[in-house]
Amino acid sequence: MRPEEIISHIESSFEGVKPKSSWGETSLFYNPNNLLPNGVYFCTIKEKDGENDKASMLDREGIYRVSIGLSQNTYECKFGSRPTRPAKGCIIATNDNFTEKNELMPHPIYGWMSWVQILNPSKNKFNELLPLLEEAHSNAVIKFNKKAANK
């Protein structure tokens, strides 16, 4: 799959999704009617390394990362206890190969926050991720509604 296909699929499958692209990354926010400045993001597609984010080696030709924010419970059911927060410019301490394609694993920087990553998912693997995207979207709706109520 290509990043554009994934973005399009998520936009058409989940209500209230607003993509925002900058610096080689597209963040997918839940923000119906643009009620909040950005809304609440639940998924990102990143196509290049950042200054403090090189663990996945996204600068390789054609490599991109899909990241999804999960609940702590779902993360821990899949991967065990969350790692501790890494120091600035460092990655989480796991035995994962963050450059491996088509494998769901903790996010190298934000795994401590229950975020996961997959590089270049195949169509079949992406379809397996749909329940995780549904959960992430649902959690974003809840957070959005809390923020909107306090506006």
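Table for the structure above
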quantity: Environment charge at THR74 (Cβ cut-off 13 Å; Lys +1, Arg +1, Asp -1, Glu -1); calculated: -1
quantity: Compactness of region 1-80 as Cα Rg over 2.2 N^0.38 Å, two decimals; calculated: 1.19
quantity: Listed peptides 28-39, 64-75 by packing density, highest first (mean Cβ within 10 Å); calculated: 64-75, 28-39
quantity: Nearest-ten-degree value, helix 3-13 long axis tilted from longest Cα axis of the chain; calculated: 30 degrees
quantity: Environment charge of PHE14, counting only residues whose C-beta is closer than 14 Å and scoring Lys/Arg +1, Asp/Glu -1; calculated: -3
quantity: Tally of Lys pairs whose C-alpha atoms are under 26 Å apart, taken over region 14-86, 8 or more apart or cross-chain; calculated: 8
quantity: Pair-distance profile P(r), taking every C-alpha pair of region 60-102, with 5 angstrom steps and integer %; calculated: 5, 16, 19, 30, 21, 7, 3
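Rule-based calculations on the coordinates, nothing more; no lab input. Small disclaimer: the values here were computed from a predicted structure and weren't measured. Please note: Cβ atoms are built from the backbone with ideal geometry, for glycine as well, and neighbour counts cover all protein chains shown.
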